Structures are given as structure tokens and as C-alpha cells.
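K.L.:
Take this structure, written in C-alpha cells, and hold onto it; I'll ask about it next.
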Amino acid sequence: LKFVATQWVPELLAHTKKQDIEQVRDHYDRADQKVINAEGEDDFYGCFLDTRMTYTSGITLDGNESLDDMQNNKLALVCSKIGLKQTDKHLDIGCGWGSMVNYSAEKFRHNVTGVTVARNQVAFAERKAKEKGILDNVRYLCMDYRDIPKE
């Protein structure tokens, strides 16, 4: 009860940029303190996420897909549900390692912006975008969502 009253509730009510940056970077930039593998990827999250580092569950269609295939199924379904098309601009707040940003930019060749405060996530996402030849279609901003420039 003491924790709830003295730490949890005050942090919840005073949700600050500094608090978010400290918590997110401590969690997702942990590779800064750990070993990075030969490909420059985070060995911690890379142990249980797909090759795009998609941080939510995938969708299986027949029960025999790989994790990458299930994540691809999910990304395709999300894009279909929101009706993305080439002329759209897409903003992904809390984009993580950029799986949705890079997927939609590759499939629809539209302009996409991803925002996260985690430096390692931005570096990973930009590297994947460069590998896919879509760097001109994506923009990653390493900043708090409350600081996104108005355009």
C-alpha cells in the first residue's frame, strides 16, 4: 500500500517526458550495457522476437507458419484494416524497432514516420530500412511523442 500511495500513484499522475525516457531507454536500450552480436543486433530481444523485432503477437493462418510469417500476416492485416494506400502518410507513435513503419513503406511506397525515445530501436529500424531500400520513404524520430513537430 505504501508503494501504491508514495510511488505508483504519483508517477501515474505526473507522467513526464523525463520519466518516459528513463523507463523506455532503461528497458529497450539495454543492449548499450550488454553484448551486441556480429550483425549489430540486440541479443536480448533478438532471442524471442522475429527478425524485424516485432514486439506483439503474430497471427497464424494455418498453424504451420514461422514467427516471421505470423508477424507478416499481422502487419498485412493491420494495413488492410486501416486501408493504407500509396498516397497516405502514416505516423507510428511508439514505433519500437520499426516493423510496421518499414513494412508499410515497403508495401505501399508511401511516407512513414516512426517515433520512439529508444536510441537502439531507431538505429535498428533505420538499418533495416536501408537494407530494404526504403530509407527515402521513412523517417525515424528519437523523441518523446509530445515533441513531434507539427507538419
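K.L.:
Which shape class, rounded, prolate or oblate, goes with the stretch 40-98 when its Cα gyration tensor gives a ≥ b ≥ c as root eigenvalues, a/c under 1.5 marks rounded, and past that a/b bigger than b/c marks prolate?
P.N.:
It is oblate, given that a/c is not under 1.5 and a/b is not larger than b/c.
K.L.:
Here is a follow-up. Along the Cα-to-C-beta direction of residue 148, a point sits 7 Å from the Cα; which residues of the stretch 77-117 have their amide N less than 11 Å from that point?
P.N.:
The answer is 90-95, 113-116.
K.L.:
Counting heavy atoms of the protein chains only and a 1.4 Å probe, report the per residue accessible area for the chain as a whole number of Å².
P.N.:
Accessible area per residue, the chain: 62 Å².
K.L.:
While we're here: Do the sum for the chain: with -39,500 (n - 2.57) for every DSSP H run of n ≥ 4, divided by all residues, what is the mean residue ellipticity at 222 nm, to the nearest 500 deg cm²/dmol? Please list the in-between numbers first.
P.N.:
Numbers: 6 runs with 60 residues, N = 151.
For the chain, the value works out to -11500 deg cm²/dmol.
K.L.:
Moving on to the next point. Residue separation times 0.36 nm, minus the C-alpha to C-alpha distance between residue 135 and residue 82: what's the value?
P.N.:
Working: separation 53, 0.36 × 53 = 19.08 nm, distance 2.29 nm.
This chain segment gains 16.8 nm when fully extended.
K.L.:
Ranked highest first by the average count of other Cβ atoms within 10 Å around their residues, in what order do 46-57, 78-89 fall?
P.N.:
By packing density, highest mean first, the sequence is 46-57, 78-89.
K.L.:
Holding the Cα-Cα limit at 28 Å, pick out from 18/85; 17/150; 18/130; 17/107; 74/130; 17/132 the pairs that are longer than that.
P.N.:
Long pairs (Cα-Cα over 28 Å): 18/85; 18/130; 17/107; 17/132.
K.L.:
Please report the carbon-and-sulfur percent of the accessible area for the chain; probe 1.4 Å, protein heavy atoms only, DNA, RNA and ligands left out.
P.N.:
C and S atoms contribute 55 percent here.
K.L.:
Another one. Using just the C-alpha positions of the chain as equal point scatterers, what log10 of I(q)/I(0) does the Debye formula give at each q in 0.18, 0.19, 0.21 1/Å?
P.N.:
Results for the chain at q = 0.18, 0.19, 0.21 Å⁻¹ read -1.13, -1.20, -1.34.
K.L.:
Further, regarding this structure: Evaluate E = 1/(1 + (r/R0)^6) for residue 13 and residue 119, where r is the Cβ-Cβ distance and R0 equals 25 Å; express this FRET efficiency to the nearest 0.05.
P.N.:
The formula returns an efficiency of 0.35 here.
The values are calculated or read from the model by the stated rules, or taken from the named source; none is laboratory data. Only a predicted model underlies this, so the values are computations on that prediction, with no experimental measurement involved. Positions of Cβ are backbone-derived with ideal geometry, glycine not excepted, and every protein chain shown enters the neighbour counts. Note: areas computed on protein heavy atoms with side chains; ligands, DNA, RNA excluded. Shrake-Rupley method; radii C 1.70, N 1.55, O 1.52, S 1.80 Å.
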